[in-house]
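S.K.: Pasting a structure below so you can have a look.
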Amino acid sequence: MNTPSNARLRMGAALGTAGLIVLAAGGCGGAANTHGSAGSAAVSAAPAAKVLTGTKLKSLLLPASAMPKGFRLNADGARDTGDSVAPSSSSPVAPRKVCGMLMQTSWIQAAGIGSATFAQNDYGNAGHTDQVAQEIDTYHGNDAQKTMSGLRKAFAGCTAFTDKSSGVTAKVKLVRSPLRGAGDEGIKVVGTSPTWQGGMTLVAVRVGNAVVTTFYSASGHDKGAAAVKMAESLAKKVQSAS
């Protein structure tokens, strides 16, 4: 399986903290079989949810023109699974590592569920203070739902934690809220720290057997709020392609 790259996210910190993150991959969806009542002919199995290839998912990622002015693609962070499809899998994360994973571009890995296919990339500004990451993963069976549950559990256990990176220690606070009206279910999380200038916004939206995630680390007062619109746009593109 082609695994996404993970790089430390760039934080717009007062102390000039900057670093790239590593991104993650996952697995895509199937469907359950249904049967008729006793004495009746068995009903045909429900069709499996469509698994979009990494090549297709790459084409659905938001283009450079949709990014904030002055942001450029980080070529090292652009990855996808091409035409390969991985089997359903799980990748449990040690509790002590979960919160740190939420500070990475492929923070969906914190859910501990492997995807079938994925595509990802990230963009940053010239000053290396602001960064946007986007990813689309598709899953087998009900793994997409499990991924959303896993992310909720991860966020619940990381409402307050200490992050150490690039020689800077930051006490981070995460505030989670449901994101309504986007896809089948959605999560929005805003992260702040007294050490940072600005903050970060993480968004996950499930569309059938796919999960789109965005991350916006911004030095401005909006704390990367545009991550919500980006995730909603990605979700609509995935829905149209499914």
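The values are calculated or read from the model by the stated rules, or taken from the named source; none is laboratory data. The model shown is predicted, which means the values in this text are computed figures rather than measured ones. No Cβ is skipped: glycine too gets one built from the backbone with ideal geometry, and neighbour counts run over all protein chains shown. Just so you know, the surface numbers come from the protein's heavy atoms only, side chains and all, with ligands and any DNA or RNA stripped out. Shrake-Rupley method; radii C 1.70, N 1.55, O 1.52, S 1.80 Å.
S.K.: Please indicate, with yes or no, whether at least one residue in region 101-109 is open to solvent by less than 40 Å² (accessible area, probe 1.4 Å) and either over 30 Å from residue 127 (Cβ atoms) or β-branched (Val, Ile, Thr) (or both).
M.R.: Looking through region 101-109, at least one residue is open to solvent by less than 40 Å² (accessible area, probe 1.4 Å) and either over 30 Å from residue 127 (Cβ atoms) or β-branched (Val, Ile, Thr) (or both).
S.K.: Continuing with this model, one more query. Determine which single condition residue 99 fails, assuming it passes every other condition in (1) in contact (Cβ under 8 Å) with a residue 40 or more places away in the chain; (2) in contact with a Gly (Cβ under 9 Å, 6 or more places away or on another chain); (3) not in a helix (DSSP H, G or I); (4) not β-branched (Val, Ile, Thr).
M.R.: (3)
S.K.: Follow-up. Check whether at least one residue in region 89-98 is touching a strand residue (DSSP E or B) at 6+ places or on another chain (Cβ under 8 Å), at pLDDT 95 or above and either of a type in the set (A, V, I, L, M) or open to solvent by less than 20 Å² (accessible area, probe 1.4 Å) (or both), and report yes or no.
M.R.: no
S.K.: If I filter region 121-130 for residues that are open to solvent by 20 Å² or more (accessible area, probe 1.4 Å), charged (D, E, K, R) and not in a loop (DSSP other than H, G, I, E, B), do I get at least one hit?
M.R.: Looking for residues that are open to solvent by 20 Å² or more (accessible area, probe 1.4 Å), charged (D, E, K, R) and not in a loop (DSSP other than H, G, I, E, B), one finds none in region 121-130, hence no.
S.K.: When you scan region 197-230, how many residues do you find that are small (Gly, Ala, Ser), touching a helix residue (DSSP H, G or I) at 6+ places or on another chain (Cβ under 8 Å) and open to solvent by 20 Å² or more (accessible area, probe 1.4 Å)?
M.R.: Counting residues in region 197-230 that are small (Gly, Ala, Ser), touching a helix residue (DSSP H, G or I) at 6+ places or on another chain (Cβ under 8 Å) and open to solvent by 20 Å² or more (accessible area, probe 1.4 Å) gives 1.
S.K.: Going through region 69-84 one residue at a time, which ones are open to solvent by less than 50 Å² (accessible area, probe 1.4 Å) and either free of Cβ contacts under 8 Å to residues at least 40 places away in the same chain or acidic (Asp, Glu) (or both)?
M.R.: 80, the sole residue that qualifies.
S.K.: Among the residues of region 170-189, which ones are under 14 Å from the mean Cα position of the chain (by Cα), surrounded by fewer than 22 Cβ atoms within 10 Å (Cβ to Cβ) and of a type in the set (Val, Ile, Thr)?
M.R.: 187
S.K.: To continue, here is another question. Just give me the residues in region 154-169 being closer than 30 Å to residue 236 by Cα and open to solvent by less than 30 Å² (accessible area, probe 1.4 Å), in sequence order.
M.R.: Matches in region 154-169: 154, 155, 158.
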